[in-house]
Amino acid sequence: MGEQEIKLEVLISTLGRDGIERVAKMVLPRVDGVRYLVSWQKPDGDIPQSLVRPDMSVYRTSSMGISSNRNDAFDASTARLLLIADDDLIYTEEGLQSVIATMEAHPEVDLATFRHEGGDEKKFPDYEFDLTARVKNYYVTSFEIALRRHVVFGENRVRYDVRFGPGAPRFKAGDEAFFVDDVMRAGYICRFFPITIVTHPGKTNSHRYLTSAFLESQGVHIRSQYPWYSAWARIPLVAWRHYKARRYTLFPAIWFLFRGWTFKR
């Protein structure tokens, strides 16, 4: 597939030998205009034979953390449209073509988020909206994000904050939330479309029992989104929701959220 024919590049981030083997087990459909790029941290051994395809490339990197891995994938990419991906997803030709069609139908949109289906049964709005609108209970998951190349390579380029996300030294979450926030702050148009593009068979981090590092990351995000004086009400409310969902005990959740809130990004 010549580079001039690529419309969409799917950027799959993975880690270690186990990660590349998971990618090898993904059933990645061959789709006209679509290319797959695997960013492989801590590469170990040879590339699995199933990944040796004309529509696929594997980029080896020695960086640490998911945010660095996402940035590495950006640097190795070539397409005008980029789709964030992980190593445990199920794609269809229809889902990938819908990303291309949506972005072509909305040339004014710089970054789009979509729906996924899967084991976490995440709830989505059934209408389009600009991401600057704070729609209640809506949050972004990384593999729902598609963007145009100029967002990460243009004059006002935005990259993932390597202090956040799995593999970061302290803040083990928040990578996708801060990335989208930064894209909006840079003046780009970001919009949600109620279109399902991918399946995630398991549960995402937000639906698992939380860690203290996750809560600290959420505390940082609360500070970045809301006035300082509202934290005294918002932090207990968020902690209560986690407690009711049986994801963390109440008072420790308040403590770790507040610790994160004290960090000024």
State all residues of segment 153-164 that are under 14 Å from the mean Cα position of the chain (by Cα) and surrounded by fewer than 21 Cβ atoms within 10 Å (Cβ to Cβ); if no residue qualifies, say none. 159, 161, 162
Where residue 69 falls short, out of the listed (1) polar (S, T, N, Q); (2) in a loop (DSSP other than H, G, I, E, B); (3) within 21 Å of residue 160 (Cβ to Cβ): (2)
Test result for residue 167, on the phi > 0 side of the Ramachandran plot, touching a residue at least 12 places away in the same chain (Cβ under 8 Å), open to solvent by less than 40 Å² (accessible area, probe 1.4 Å) and touching a helix residue (DSSP H, G or I) at 6+ places or on another chain (Cβ under 8 Å): no
Give me the pairs, please: first residue somewhere in segment 121-144 and more than 15 Å from residue 177 (Cα to Cα), second residue anywhere and assigned to a loop (DSSP other than H, G, I, E, B) and of a type in the set (Ser, Thr, Tyr), beta-carbon distance under 7 Å, and either six or more positions apart or on two chains. 125/138
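From the set of residues in segment 72-84 that are open to solvent by less than 20 Å² (accessible area, probe 1.4 Å) and in contact with a Lys or Arg (Cβ under 8 Å, 6 or more places away or on another chain), which is farthest from residue 47 (Cα to Cα)? Give the steps one after another, and end with the answer.
So in segment 72-84, the residues open to solvent by less than 20 Å² (accessible area, probe 1.4 Å) come out as 73-74, 77, 79, 81-84.
The next check asks that each one be in contact with a Lys or Arg (Cβ under 8 Å, 6 or more places away or on another chain); those that pass are 74, 77, 79, 81-82, 84.
Numbers: 74: 20, 77: 19, 79: 23, 81: 25, 82: 23, 84: 21 Å.
It comes out as 81.
Residues of segment 1-35 being in a strand (DSSP E or B), over 16 Å from residue 142 (Cβ atoms) and not charged (D, E, K, R), which ones?
Of the residues in segment 1-35, the ones in a strand (DSSP E or B) are 8-15, 34-35.
Remaining after also requiring over 16 Å from residue 142 (Cβ atoms): 8, 34-35.
Within segment 1-35, 8, 34 qualify.
Inspect all residues belonging to segment 99-108 and state whether any of them is open to solvent by less than 30 Å² (accessible area, probe 1.4 Å) and within 18 Å of residue 28 (Cα to Cα). If you could, list the steps in order and put the result at the bottom.
Going residue by residue through segment 99-108, those that are open to solvent by less than 30 Å² (accessible area, probe 1.4 Å) are 99-100, 102-103.
So of that shortlist, the ones also within 18 Å of residue 28 (Cα to Cα) come out as 99-100.
Yes, segment 99-108 contains a residue that is open to solvent by less than 30 Å² (accessible area, probe 1.4 Å) and within 18 Å of residue 28 (Cα to Cα).
Within segment 234-258, which residues are open to solvent by 90 Å² or more (accessible area, probe 1.4 Å) and within 24 Å of the chain's Cα centre (by Cα)? Break it down stepwise before answering.
At the first step, the residues of segment 234-258 found to be open to solvent by 90 Å² or more (accessible area, probe 1.4 Å) are 240-241, 243-244, 246, 251, 255.
The answer is 241, and nothing else.
The values are calculated or read from the model by the stated rules, or taken from the named source; none is laboratory data. Only a predicted model underlies this, so the values are computations on that prediction, with no experimental measurement involved. Neighbour counts run over all protein chains shown; Cβ positions are idealised from the backbone, glycine included. For accessibility, only protein heavy atoms count, side chains too; no ligands or nucleic acids. Shrake-Rupley method; radii C 1.70, N 1.55, O 1.52, S 1.80 Å.
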